[in-house]
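The values are calculated or read from the model by the stated rules, or taken from the named source; none is laboratory data. All values derive from a computational prediction rather than experimental measurement. So basically every Cβ, Gly included, is an ideal-geometry build from the backbone, and we count neighbours across all protein chains shown.
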């Protein structure tokens, strides 16, 4: 029995429907696979160390914890300080009472000479009456006669201590150049406005010299506040400490 035309048309329709169905199924499978792959990539991106990542990143080493450094406080001079002192001595505070310096009585000749110098000087500070004085080593007794130095105070018009004044020592001793700077008020063993210069880095015993050393007051800009005061030194142990006081006159 021969097939009519409609039978051929139905067979072609069935074949086309089956083909469309296969492609639809494949499309759905591809979409599902793509969705699964996308979920896997997103999971790995969010948590790269998870178990589903075939190439997990290497484990980072534990950071070493270092001890926290504690900065050591530094002594800071007032903001107006401009000069940098060299070989400045910092006094050691102890509970042992320290001797104080008492100025010797002033004879009339010395007082007259000092007063005349004060009138002639244009500086606000001059050498105090009766200075310099020479005393034994009272402040470094452990060194005995192996110590030599210069110390004193800076006093105001009414005799009050003046701290923060730059004091400079210069000249020559035992054939060596001397240049040291300190500030009044550091060496309080000489008084509230005391200063001190240790000369043991130049000589290890009292050494004689004649007007080759000088001491001078400067302001914090480095300008002179007194003339250069020249003085002698002696080799006797009982004159190893040279005391020089300054007083304000204007």
* Matching residues, the stretch 130-157, being without any contact (Cβ under 8 Å) to a residue 60 or more places away in the chain and out of contact with any strand residue (DSSP E or B) (no Cβ under 9 Å at 6 or more places or on another chain) -> 130, 141, 142, 143, 146
* To do: Just give me the residues in the stretch 153-181 being at positive phi and more than 27 Å from the chain's Cα centre (by Cα), in sequence order.
  => 159, 171, 174, 175
* Report whether or not residue 204 is surrounded by 16 or more Cβ atoms within 10 Å (Cβ to Cβ) and either in contact with a helix residue (DSSP H, G or I) (Cβ under 9 Å, 6 or more places away or on another chain) or outside any loop (DSSP other than H, G, I, E, B) (or both). => no
* Asked: Somewhere in the stretch 53-67, is a residue surrounded by 10 or more Cβ atoms within 10 Å (Cβ to Cβ), assigned to a loop (DSSP other than H, G, I, E, B) and either modelled with pLDDT under 70 or within 55 Å of the chain's Cα centre (by Cα) (or both)?
  -> yes
* To do: Return only the number of the condition from (1) exposed (fewer than 15 other Cβ atoms within 10 Å of the Cβ); (2) at pLDDT 95 or above; (3) not in a strand (DSSP E or B) that residue 250 does not satisfy.
  => (2)
